[in-house]
Amino acid sequence: MTPHAVWRAGCEQKDFDYAAGSALLIEAGDPRLIFLAGRDWQTFDYETGLARLIALSSAEFIHKAGIFWRAFDFEAGCAALAGIGDPEYIYRAGRFWKIFDYGLGLEALSRVGLARYVYYAGKEWRAFDFDAGFESLMRCGVAEYLFYAGAYWKRFEHIRGFNRLVELGVSEFIYKAGTLWPIFDYRRAWEALAADLAGSLWRGKAFTHPRWRAALRSIWREEVTRAGLPSSAGTA
């Protein structure tokens, strides 16, 4: 019988020898069929099946087994995902598994260094070390996800995050941070926008957005006062 036929027989035959079938599928080494047998069969050698998925470095099906198998070693599965280092399935396991080592998962995501997954983990995992996550985002240096984290994480160091955002100099996300962040230095941000020759679109948006417009009026009034000009000169 082919491995697929073995899996099908285990689903359909009442007198199926599950011990022999488990051994056959696990030896064949098709991670999808190993996962399906663990999900669909009345009984399965879950311990050996997981060990085989780990040996095959099959992050996708380790993740799926952690959701659907009736018996699963979450400690071994989490360690395996961290070792394989596929950020998609580390993130998904942290979101969907009922037991997960969030510290180990974040360490693995930080090691991979893709800001997108660190951000989503901070937004959607049940437990998250925001201090460690913030430092990871700072090292990654991706303006888009610094902006998102500053806007949507439960905890974020906005002053340090702002300094990093300005250092990165991406006008789109400097502008967007000014529309949503609770702590923001509009004067320095405007200077960064003005210094970006390609940032005219975002400077234009700043003139029309209520928060930016109010901040710019305040900045201009301060400049007018400092220069000793009539206050009407600073009216926009």
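Calculate the FRET efficiency for LYS154 and GLU88 from the Cβ-Cβ distance with a Förster distance of 22 Å, rounded to the nearest 0.05.
Working: r = 23 Å, r/R0 = 1.05.
Using R0 = 22 Å, I get an efficiency of 0.40.
In whole angstrom, how long is each semi-axis of the equivalent ellipsoid of the chain, when you take the square root of 5 times every eigenvalue of its Cα gyration tensor and sort them from largest down? Write out the running numbers ahead of the final one.
Working: eigenvalues 625, 43, 34 Å².
The equivalent ellipsoid of the chain has semi-axes of 56, 15, 13 Å.
If I model a spin label at ASP196 and ALA20 as a point 7 Å from the Cα along the Cα→Cβ vector, what separation in nanometres do I get?
6.7 nm
Between GLU167 and ARG111, what length comes free when the chain is fully extended (0.36 nm per residue of separation minus the Cα-Cα distance, one decimal in nm)? Kindly include the intermediate steps, with their values, before the conclusion.
Values: separation 56, 0.36 × 56 = 20.16 nm, distance 2.27 nm.
In short, 17.9 nm is gained.
Taking the Cα centre of the chain as the origin and placing charges on Cβ (Lys, Arg +1; Asp, Glu -1), which of TRP181, TRP220, CYS11 is farthest toward the positive end of the dipole?
Going by the Cα projections, it comes out as TRP220.
Please express the Cα-Cα pair-distance distribution P(r) of segment 120-236 as a list of whole percents, one per 10 Å bin, running from 0 to the bin with the greatest distance.
13, 40, 28, 13, 4, 1
Taking 7 Å along the Cα-to-C-beta vector as the label spot, tell me the ARG211-PHE96 distance in nanometres, rounded to one decimal.
Here the answer is 3.4 nm between the modelled labels.
Report the full-extension gain for the segment ILE219 to ARG8: residue separation times 0.36 nm, less the Cα-Cα distance, to one decimal in nm. If you can, show how the numbers build up before the last one.
On the way: separation 211, 0.36 × 211 = 75.96 nm, distance 7.15 nm.
Taking ILE219 through ARG8 to full extension adds about 68.8 nm, to one decimal.
Given charges of +1 on the Cβ of Lys and Arg and -1 on the Cβ of Asp and Glu, with all other atoms neutral, how large is the dipole of the chain about its Cα centre, in debye to the nearest 20?
It comes to approximately 1380 debye.
The numbers here are math on the coordinates, done by the rules we state, and not lab data. All values reported here derive from a predicted model rather than from experimental measurement. Cβ: placed from backbone, ideal geometry, glycine included. Neighbour counts: every protein chain shown.
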